[in-house]
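Participant: One structure, pasted below without further comment.
The values are calculated or read from the model by the stated rules, or taken from the named source; none is laboratory data. Please read these numbers as outputs of a predicted model, since none were measured by experiment. When we count neighbours, we look across all protein chains shown, and the Cβ atoms used for this are built from the backbone with ideal geometry, even at glycine. For accessibility, only protein heavy atoms count, side chains too; no ligands or nucleic acids. Shrake-Rupley method; radii C 1.70, N 1.55, O 1.52, S 1.80 Å.
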Amino acid sequence: MEYNFKEIEKRWQQYWKDNKTYKTELDNSRPKFYVLDMFPYPSGAGLHVGHPLGYIASDIYSRYKRLQGFNVLHPMGYDAYGLPAEQYAIQTGQHPEITTVTNINRYREQLDKIGFCYDWNREIRTCDPKYYKWTQWAFIKMFNSYFNTKLNKACPISELIEHFEKYGTQGSNVSTNTGHEFTAEQWNNASDDDKYKALMNYRIAYLGDSMVNWCPKLGTVLANDEVSEGVSLRGGYPVEQKVMFQWCLRVSAYANRLLKGLETVDWTESLKETQKNWIGYSEGAEMKFPLVGSDEDLLIFTTRADTIFGVTFMVLAPESCYTAKVTTEEQKNAVEEYIKNTKKKTERERIIDKKVSGVFSGSYAVNPVTGKQIPIYISDYVLAGYGTGAIMAVPAHDSRDYAFARYFNLPIIPLIENCDISNESFDAKEGIMTNSSNEILQLNGLEVKEAIAKTKLFIEEKCIGKVKVNYRLRDAIFSRQRYWGEPFPIYYDDKNQAHVLDEKYLPLELPEVDKFLPTESGEPPLGRAENWKDAEGHRLELCTMPGFAGSSAYYLRYMDPHNDKELVSKENNEYWRNVDLYVGGTEHATGHLIYSRFWNKFLFDCGYVCEEEPFKKLINQGMIQGRSNFVYRIKDTNTFVSLGLKDKYDTTQIHVDVNIVDNDILDTDKFKAWRPEFNDAEFILENDKYICGWAVEKMSKSMFNVVNPDDIVDKYGADTLRLYEMFLGPLEQSKPWDTKGIDGVNRFLKRLWGLFYKNDDIIVNDDKPSAEALKSLHKLIKKVTWDIEHFSYNTSISAFMICVNELNAMKCANRQILKNLIVLLAPFAPHIAEELWHIIGENISVCDAEWPKFDEQYLKENNVNYTVSFNGKPRYTIEVATGTSKEEVEKIALANSAAEKWLDNKIPKKIIVVPNKIVNIVI
RNA sequence: GCUCGGAUGGUGGAAUGGUAGACACGAAGGACUUAAAAUCCUUUGGUCAUUGCGACUGUGUGGGUUCAAGUCCCACUCCGAGUACCA
């Protein structure tokens with residue numbers, strides 16, 4: 001009987017469905033294990049062969065854990081809100097929901113063919129009102145909370161109001177975006193509107209003016225992680241900086257905990273590093289520089305307080321609130337002109353245009369240590385959003401200050417002995433201080449590190465500043481001027497104050513609109529919705545939430561997906577707790593993986609979840625790139641020349657569909673049929689073949705290098721696809737897809753099949769297994785178990801191949817051996833495993849089998865060979881029984897060497913015996 | 001610029017400091033076949049020797065530690081990823 005994968009895979013997929021094999025339920029008698037994939041955004045292009053890589057890896061792990069007796073939660077769903085469906089809706093008028101559902105169905109069809117063990121009963125979609133009810137619910141909780149810096153957690157805003165009533169801001173320990181202070185009396189006498197506005201400065205979800213990335217082409221605001229190099233990640237449109245009044249989440253309040261939490265999770269070092277950089281911890285000092293002719297101080301942030309003697313000017317960000325204050329009448333025009341020009345520049349232009357620019361404000365500040373007056377400049381190289389938006393410039397030891405000083409001809413004072421600053425600044429934090437002493441502070445002769453510490457102490461003692469930690473992490477901008485997203489559970493009253501809806505009105509469903517574009521007056525698309533009002537007739541918020549809203553707590557919802565009373569019940573949350581293994585791409589390192597950690601910590605503070613970190617272990621699967629093929633057309637002709645001969649002609653390289661190329665050899669007939677313009681193509685061949693060139697590129701339609709998993713499943717079967725994707729290379733490494741190696745794993749499955757059948761007869765027997773076969777099996781158990789635990793799936797597949805070849809060579813068809821082999825293979829190739837499992841007479845599903853136990857005893861050999869070497873040169877071999885002690889081996893080696901006269905009466909300096917069969921005698 | 005990875009045959013890739021190149025692809029030769037496909041067998045890092053069993057060399061480059069280095073240390077070259085006027 002042939003290995004008929006089509007029939008086998010169809011049959012067992014149906015069996016698993018009928019028997020609800022993958023249905024998971026809470027079971028306190030068994031330990032839990034939660035394996036999660038990053039749920040996909042269902043794009044119109046469908047899955048290509050790269051997408052399932054991570055899903056297969058997590059599926060293998062899930063099945064393995066289940067065979068080991070764990071109650072495994074392995075769900076799947078869809079991140080269904082997003083820009084592409086909406087862009088498509090704008091172009092075609094088709095409702096994004098229709099597009100999304102179509103795409104989801106397509107995804108599901110493709111996923112089902114691969115044989116995953118998802119519990120589809122728990123499927124979630126972020127655009128489902130039953131789901132986004134809980135996204136809105138969490139937002140309400142955030143609106144009603146503030147961050148208490150003393151307790152280092154979120155607390156109810158009502159507690160803060162109480163505190164204000166009694167004590168004002170004194171001792172309030174809050175995380176805020178203003179430094180405003182007031183007394184209880186001031187608070188109690190304040191108007192309702194002032195109180196409303198003041199509280200916005202403390203809420204975790206708040207309305208605030210913030211510098212946003214505005215993308216005019218998409219007509220919406222984007223988060224920092226949705227922008228790269230000044231263009232939008234989706235679409236690649238230019239992005240500009242703009243101040244807007246937006247909903248924000250106070251993620252920055254959690255910066256410290258997000259950083260600390262990284263120490264408790266099992267993620268790769270590189271991913272932790274990426275998050276650490278994004279959070280951007282930096283310890284320094286805030287210092288006050290008095291303004292000349294004013295009572296006010298200029299507050300700056302620096303990590304190099306030790307360079308205070310080298311400060312020759314100050315710089316403010318154009319957007320800084322100090323800017324207007326320090327601009328003198330004479331300089332007013334110049335400053336305004338400069339600010340206008342900076343605003344015009346998009347962020348991309350700012351990056352490309354690295355020219356030094358700036359303007360003198362007209363004012364001076366006083367260096368608090370030297371007492372010297374120094375000029376204040378305004379320049380866009382200082383960022384408003386970081387630190388205080390103002391810096392003390394030390395041109396000798398900061399490259400940006402150096403460039404600025406050179407341009408404006410400002411003095412540069414070196415502070416490190418023997419540093420060369422004739423062409424560039426000396427930025428390194430090393431060397432001996434000089435030019436840095438006066439009657440109040442002496443730093444000369446100190447190492448830079450000592451000087452930093454001494455200056456910090458000095459600053460605090462003299463009250464000219466304080467030691468401060470700054471984070472680069474900003475609050476998340478949470479409004480999108482878009483249709484296809486979660487509506488905010490927010491209404492505005494007559495005084496234009498924002499309020500949260502009562503929870504009983506949740507979910508607040510997304511309304512219908514006639515068009516998915518902004519209104520004529522420039523309002524977001526929800527402005528088109530008729531009667532977009534709450535029960536009392538108040539107008540509702542017009543913005544929707546961003547893409548990351550729905551994905552920030554989805555892993556919690558899978559624990560209890562049908563609960564309409566709670567996000568997740570206490571019982572379910574305490575059983576499933578958090579994700580034990582999370583598999584997904586690194587592209588979410590600074591987006592989703594920060595936001596969901598923040599979201600989870602917030603819910604943890606509120607007592608809704610019992611674990612502070614959502615994802616215990618995280619594996620990043622590498623990207624699968626495409627392998628593009630090229631043909632070479634001789635210029636101005638329709639003649640194509642084979643790769644090896646192309647250098648003799650003047651050619652143009654053209655992408656060719658990889659599906660009509662086999663092994664880099666072009667099917668010329670298919671090529672002619674591929675596109676009309678190639679119908680009469682002619683070819684210059686080498687060895688009667690047309691050889692194509694190739695390159696590794698991103699897998700995409702435009703490169704004609706997309707390989708569809710459905711085609712692979714049709715041709716080779718799901719099991720072959722699964723094995724091959726894992727065999728391709730280490731899971732975490734990016735690698736190009738190349739279908740040509742797939743025959744290897746397909747042959748392996750056929751050989752495996754051949755162990756059970758001879759012609760049409762099942763040849764499995766119940767003889768006592770040979771020692772040799774047992775050894776082969778136990779070698780495999782050991783290897784595969786270790787490999788799965790370490791996600792080294794490619795090498796375990798090699799181990800399977802070796803084992804099957806060995807069993808084949810010894811003509812072993814022993815039931816006991818094969819049964820174990822099948823269970824080991826079941827996580828990797830579940831369909832064929834299930835089939836063979838039933839062929840040898842088992843009744844239950846192989847999914848419910850038990851993972852084989854490894855027994856070292858079977859691996860023991862009868863004797864071991866040791867190569868005896870002298871000074872590292874191998875001389876001869878001795879053979880000893882297994883288990884012979886090191887000392888015994890040494891003795892035998894010495895005795896033999898003396899007999900062979902290698903030792904020649906010399907006393908060996910050293911004898912090294914290592915278990916891997918080498919004895920080295922150093923004479 | 002900074003941070004983190006990586007570099008091994010024609011290709012994808014194996015190697016707790018201990019016989020480098022497992023396993024697979026590709027290629028070459030052979031068996032079966034009228035023929036092809038499929039299947040099976042042999043060879044396959046390089047150079048030299050192939051009527052011998054072999055010899056030498058070899059993991060990006062240059063040093064070092066070690067009886068022993070692809071693996072550890074130092075310097076460099078190249079490639080990839082993240083981040084970027086973050087003071």
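Participant: Once every DSSP H run of n ≥ 4 in chain A is given -39500 (n - 2.57) and the sum is divided by its residues, what mean residue ellipticity at 222 nm do you get, rounded to the nearest 500 deg cm²/dmol?
Facilitator: Details: 28 runs with 305 residues, N = 923.
Calculated at 222 nm, the ellipticity per residue is -10000 deg cm²/dmol.
Participant: For the stretch A:611-741, give me the percentage of DSSP beta bridges that are antiparallel, rounded to the nearest 5 percent.
Facilitator: 75 percent
Participant: I would also like to ask the following. Using a 1.4 angstrom probe, figure out how much accessible area chain A has per residue, in square angstrom, rounded to the nearest whole.
Facilitator: Details: 43040 Å² over 923 residues.
That works out to 47 Å² per residue.
Participant: Once you have the Kirkwood Rh of the stretch A:1-139 from its Cα pairs, apply Stokes-Einstein at 4 °C and 1.567 mPa s and quote D in µm²/s. Each step should come with its number before you reach the end.
Facilitator: On the way: Rh = 17.0 Å.
In µm²/s, the coefficient rounds to 76.
Participant: Using alpha-carbon pairs under 8 Å, 6+ residues apart, how would you state the relative contact order of the stretch A:711-844 in percent?
Facilitator: 32 percent
Participant: Based on the mean of other beta carbon atoms within 10 Å per residue, what is the order of A:391-399, A:806-814, A:62-70, A:794-802, most packed first?
Facilitator: A:391-399, A:62-70, A:794-802, A:806-814
Participant: State, as an integer percentage, the relative contact order of chain A based on alpha-carbon contacts under 8 Å between residues 6 or more apart. It would help to have the intermediate numbers written out before the result.
Facilitator: On the way: 1658 pairs, mean separation 117.1, N = 923.
Relative CO of chain A lands at 13 percent.
Participant: Considering only DSSP states other than H, G, I, E and B, which GluC sites (Glu not before Pro) in the stretch A:461-545 qualify as loop sites with at most 15 other Cβ atoms within 10 Å?
Facilitator: Listed in order of number, the matching sites are A:GLU509, A:GLU512, A:GLU520, A:GLU530, A:GLU536.
Participant: When DSSP beta bridges are limited to those with both residues in the stretch A:211-358, what percentage is antiparallel, rounded to the nearest 5? Kindly include the intermediate steps, with their values, before the conclusion.
Facilitator: Details: 16 of 16 bridges.
In the stretch A:211-358, approximately 100 percent of DSSP beta bridges are antiparallel ones.
Participant: In nm, to one decimal, how far is the modelled label at A:ARG751 from the one at A:GLU512, with both set 7 Å along Cα→Cβ?
Facilitator: Output for this residue pair reads 6.2 nm.
Participant: Can you give the Rg/Rh ratio of the stretch A:573-682, where Rg is from the C-alpha atoms and Rh is the Kirkwood radius?
Facilitator: 1.40
Participant: Separate question: State whether the stretch A:696-816 is rounded, prolate or oblate according to the following rule on the C-alpha gyration tensor (a ≥ b ≥ c being the square roots of its eigenvalues): a/c under 1.5 gives rounded; otherwise a/b larger than b/c gives prolate, and the remaining case gives oblate. Don't skip to the answer; put the middle values down first.
Facilitator: Details: a/c = 3.62, a/b = 1.78, b/c = 2.04.
Oblate.
Participant: Under a point-charge model restricted to the Cβ atoms of Lys and Arg (+1) and Asp and Glu (-1), what is the dipole moment magnitude of chain A relative to its Cα centre, in debye to the nearest 20?
Facilitator: Values: 111 positive and 130 negative charges, 391 e Å.
Its charge dipole is roughly 1880 debye.
Participant: Still on this model: Report the full-extension gain for the segment A:LYS811 to A:GLU686: residue separation times 0.36 nm, less the Cα-Cα distance, to one decimal in nm.
Facilitator: Residue separation times 0.36 nm, minus the Cα-Cα distance, leaves 40.5 nm.
Participant: Also, quick follow-up: I'd like to know which of A:VAL469, A:HIS499, A:LEU510 lies farthest towards the positive end of the charge dipole of the stretch A:450-531, counting +1 on Cβ of Lys and Arg and -1 on Cβ of Asp and Glu.
Facilitator: Of the listed residues, the answer is A:VAL469.
Participant: Can you work out D for the stretch A:182-260 in µm² s⁻¹ from Stokes-Einstein, where Rh is the Kirkwood radius over C-alpha pairs, the temperature is 25 °C and the viscosity is 0.890 mPa s?
Facilitator: Here the translational diffusion coefficient equals 164 µm²/s.
Participant: Give the angle, between 0 and 90 degrees and rounded to the nearest 10, that separates the Cα long axis of helix A:399-408 from the longest principal axis of the Cα atoms of chain A.
Facilitator: Tilt relative to chain A: about 40 degrees.
Participant: A further question on this structure: Okay, which of the stretch A:1-44 sit inside 13 Å, backbone N to the point 7 Å along the Cα-Cβ direction of A:GLU850?
Facilitator: none
Participant: Then there's this: How large is the convex hull of the Cα atoms of the stretch A:280-319 per residue, expressed in Å³ as a whole number?
Facilitator: 106 Å³
Participant: As a test of the definition: which semi-axes, in Å, follow for the stretch A:315-425 when you take the square root of five times each eigenvalue of its alpha carbon gyration tensor? Largest first, please.
Facilitator: Output for the stretch A:315-425: semi-axes of 24, 18, 12 Å.
Participant: What does DSSP give for chain A in terms of the percent of beta bridges that are antiparallel, rounded to the nearest 5?
Facilitator: 75 percent
Participant: Could you tell me how many degrees, from 0 to 90 and to the nearest 10, lie between the Cα long axis of helix A:886-899 and the main elongation axis, the longest principal axis, of the Cα atoms of chain A?
Facilitator: Approximately 60 degrees, to the nearest ten.
Participant: Write out the chymotrypsin sites (Phe, Trp or Tyr not before Pro) in the stretch A:614-719 meeting two conditions: DSSP loop, and at most 16 other Cβ atoms within 10 Å of their Cβ. Don't skip to the end; give the middle numbers.
Facilitator: Working: sites: A:PHE615, A:PHE630, A:TYR632, A:PHE640, A:TYR649, A:PHE671, A:TRP674, A:PHE678, A:PHE683, A:TYR690, A:TRP694, A:PHE704, A:TYR716; in loops: A:TYR649, A:TYR690, A:PHE704.
For chymotrypsin sites (Phe, Trp or Tyr not before Pro) across the stretch A:614-719 that sit outside H, G, I, E and B with at most 16 neighbouring Cβ atoms in 10 Å, the list reads A:TYR649.
Participant: Compute the helix-to-body angle for A:830-839: its Cα long axis versus the longest principal axis of chain A, expressed 0 to 90° and rounded to tens.
Facilitator: Result, in degrees: 30.
Participant: Still on this model: Pull out a ≥ b ≥ c, the square roots of the eigenvalues of the alpha-carbon gyration tensor of the stretch A:254-391, then state rounded if a/c is under 1.5, prolate if not and a/b is larger than b/c, and oblate in the remaining case.
Facilitator: It is oblate, given that a/c is not under 1.5 and a/b is not larger than b/c.
Participant: Let me ask something else about it. Looking at the stretch A:515-547, which trypsin sites (Lys or Arg not before Pro) are DSSP coil and have at most 15 other C-beta atoms within 10 Å of their C-beta?
Facilitator: The qualifying sites are A:LYS515.
Participant: Hey, another quick one. Taking the alpha-carbon distance from A:LYS65 and a cut-off under 17 Å, which lysines remain once sequence neighbours fewer than 8 residues away in the same chain are dropped?
Facilitator: Excluding near neighbours in sequence, the set is A:LYS23, A:LYS32, A:LYS616, A:LYS617, A:LYS782, A:LYS783, A:LYS853.
Participant: Relative contact order for the stretch A:305-431: what is it in percent, counting Cα pairs under 8 Å that are at least 6 residues apart? List each step's numbers first, then the result.
Facilitator: Values: 205 pairs, mean separation 42.4, N = 127.
33 percent.
Participant: Given a 1.4 Å probe and every protein chain left where it sits, what share in percent of the accessible area of chain A is carbon and sulfur?
Facilitator: Values: 20680 of 43040 Å².
C and S fraction of accessible area: 48 percent.
Participant: Once you have the Cα-Cα distance between A:GLU337 and A:ASP662, take 0.36 nm times their residue separation minus that, and quote the gain in nm to one decimal.
Facilitator: Details: separation 325, 0.36 × 325 = 117.00 nm, distance 6.28 nm.
Result for the pair: 110.7 nm of gain on full extension.
Participant: Dipole magnitude of the stretch A:1-73 about its Cα centre, charges +1 at Lys/Arg Cβ and -1 at Asp/Glu Cβ only, in debye to the nearest 20?
Facilitator: Numbers: 11 positive and 8 negative charges, 43 e Å.
Here the stretch A:1-73 has a charge dipole of around 200 debye.
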